[in-house]
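Each remark here refers to the structure printed beneath this line.
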Amino acid sequence: MIQNLQRSVQQVEAEHTITNEMSTLDPRVLSSLIIASKVQQEDPTQGRDPHERLAELMHSAPIAALLSAAENFAQNSGLSSEEGLRQIVSTFRDVDVLWGQVLVKEGLARLSSQYH
């Protein structure tokens, strides 16, 4: 199952790179990246102090981009910046949890079909 997911993720990423380099990101790319990150299951502290790693991440360029996107989303939606950020984080958490459930169900279905 993991090998199939990795191939699917790589295929979607390759297709996106070739066909959509100048266009906006597609939700399928986000889904592929979420799945890929779940497959990799790396230790977020990477053998370091979690406080140090958290501080590093909170001051990183991706977090700055997220905050900027949240401000843009909030302005376009007539929300406060904090509410825009809350909605983005909440939505991302929901997507992450749902992908986890989908992957578990797919894995269980494949396992049960192998033994029945």
**Message:** Kindly evaluate SER68 against the criterion of being closer than 19 Å to ARG93 by Cα, among the hydroxyl-bearing types (Ser, Thr, Tyr) and within 15 Å of the chain's Cα centre (by Cα).
**Reply:** no
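Here is a yes/no grid of residues against (1) in contact with a Gly (Cβ under 7 Å, 6 or more places away or on another chain); (2) in contact (Cβ under 8 Å) with a residue 40 or more places away in the chain; (3) acidic (Asp, Glu):
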position: GLU82; (1), (2), (3): no, no, yes
position: LEU85; (1), (2), (3): no, no, no
position: ILE88; (1), (2), (3): no, no, no
position: THR91; (1), (2), (3): no, no, no
position: ASP94; (1), (2), (3): no, no, yes
position: GLN101; (1), (2), (3): no, no, no
position: VAL104; (1), (2), (3): no, no, no
position: ARG110; (1), (2), (3): no, yes, no
Counting only residues in the stretch 99-113 that are loosely packed, with under 13 Cβ neighbours inside 10 Å and more than 16 Å from GLN41 (Cα to Cα), the one nearest to the chain's Cα centre (by Cα) is identified as VAL102
**Prompt:** Right, VAL12: modelled with pLDDT of 85 or more and surrounded by 14 or more Cβ atoms within 10 Å (Cβ to Cβ) or not?
**Reply:** no
Flagged in the stretch 76-95 as surrounded by fewer than 13 Cβ atoms within 10 Å (Cβ to Cβ) and either of a type outside the set (Asp, Glu) or closer than 22 Å to SER37 by Cβ (or both), in numbering order, are ASN76, SER77, GLY78, SER80, VAL89, SER90, THR91, ARG93, ASP94
Quick count over the stretch 66-116, residues being farther than 19 Å from SER31 by Cα, assigned to a helix (DSSP H, G or I) and not acidic (Asp, Glu), is 21
Condition check for LEU33: modelled with pLDDT of 75 or more, under 27 Å from GLU106 (Cβ atoms) and outside any helix (DSSP H, G or I): no
Any chance LEU57 is touching a helix residue (DSSP H, G or I) at 6+ places or on another chain (Cβ under 9 Å), assigned to a loop (DSSP other than H, G, I, E, B) and over 19 Å from ALA36 (Cα atoms):
no
- Look at ARG28 and say whether it is of a type in the set (Lys, Arg) and at pLDDT 95 or above. no
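The values are calculated or read from the model by the stated rules, or taken from the named source; none is laboratory data. Since we're looking at a predicted model, the values are computed, not measured. Positions of Cβ are generated from backbone atoms using ideal geometry, with glycine treated the same way; all protein chains shown enter the neighbour counts.
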